[in-house]
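Here, each number is a calculation from the coordinates, and none is a lab measurement. Quick caveat, the model's predicted, so the values are computed rather than measured. Here the Cβ is made from the backbone with ideal geometry for all residues, glycine too, and neighbour counts use every protein chain on show.
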């Protein structure tokens, strides 16, 4: 019994025990091939692996094995920085599993995408991560309002967003 309790505590530490406070469901209709390519990071929640980054971009390229190469780039303290990762597909097309650190994968949930695949709202398996992406370095006020409205409707605290200098 004690081993089961210790295992449960360990699992909570590794995957998190907190109750999800947002609706992070991904979109139903999603075409990965249309999503591939380059995206500018318009806004994000603060997290340590992108802290202080500006001019951030993400590039997604389909591999022959069906996985997706991910390249995140940006400028930190005046210096170019990049992170290479890989995304695995799941049974849900708009839910990818992304890894930048070996065998450790995290959810990457496309929660909003416009019909022309020009902007997207992306979340994760928790309420700690949120990104607004665009094919262009800036978005109009109308699109910004639409994305923020959707994020708020889902329960995200949009006041925590950091607007990325592009």
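How do 101, 131 line up, fewest other C-beta atoms within 10 Å first?
Ranking 101, 131 by Cβ neighbours within 10 Å, fewest first, gives 101, 131.
Among 66, 123, 155, determine the one that fluctuates most according to a GNM of the chain built with springs between C-alpha atoms less than 10 Å apart.
Highest fluctuation among the options: 66.
Per residue of the chain, what 222 nm ellipticity follows from adding -39500 (n - 2.57) for every DSSP H run with n ≥ 4, rounded to the nearest 500?
It lands at -5500 deg cm²/dmol.
Compare 91, 31, 114 in a GNM of the chain, Cα atoms joined below 10 Å, and give the one with the largest fluctuation.
Largest GNM mean-square fluctuation: 91.
Could you compute the FRET efficiency for residue 99 and residue 159, with r as their C-beta to C-beta distance and R0 at 41 Å, rounded to 0.05?
It comes to 0.85.
Over the chain, with a Gaussian network built from C-alpha contacts below 10 Å, which listed residue (25, 140, 94) shows the highest mean-square fluctuation?
With Cα springs under 10 Å in the chain, the top fluctuation among 25, 140, 94 is at 140.
Just check segment 26-163 against the gyration tensor rule for me: Cα atoms, a ≥ b ≥ c as the square roots of the eigenvalues, rounded for a/c under 1.5, and otherwise prolate or oblate depending on whether a/b exceeds b/c.
Rounded shape, in that the Cα axes give a/c under 1.5.
What ranking do 57, 48 get, fewest neighbouring Cβ atoms within 10 angstrom at the top?
Starting with the residue having the fewest Cβ neighbours, the order is 48, 57.
Helix 141-153 versus the longest principal axis of the chain: what angle, 0 to 90°, nearest 10, using Cα atoms?
For 141-153 against the chain, the angle is about 20 degrees.
Report the extension gain between residue 116 and residue 149 in nm, rounded to one decimal, defined as 0.36 nm multiplied by the number of residues separating them, less their alpha carbon distance.
Roughly 10.0 nm would be gained on extension.
Please give the helix 2-15 orientation as an angle from the longest Cα principal axis of the chain, in degrees from 0 to 90, rounded to the nearest 10.
Roughly 10 degrees between the two axes.
Order these by the 10 Å Cβ neighbour count, fewest first: 28, 75, 139.
If I rank by nearby Cβ atoms, fewest first, I get 28, 75, 139.
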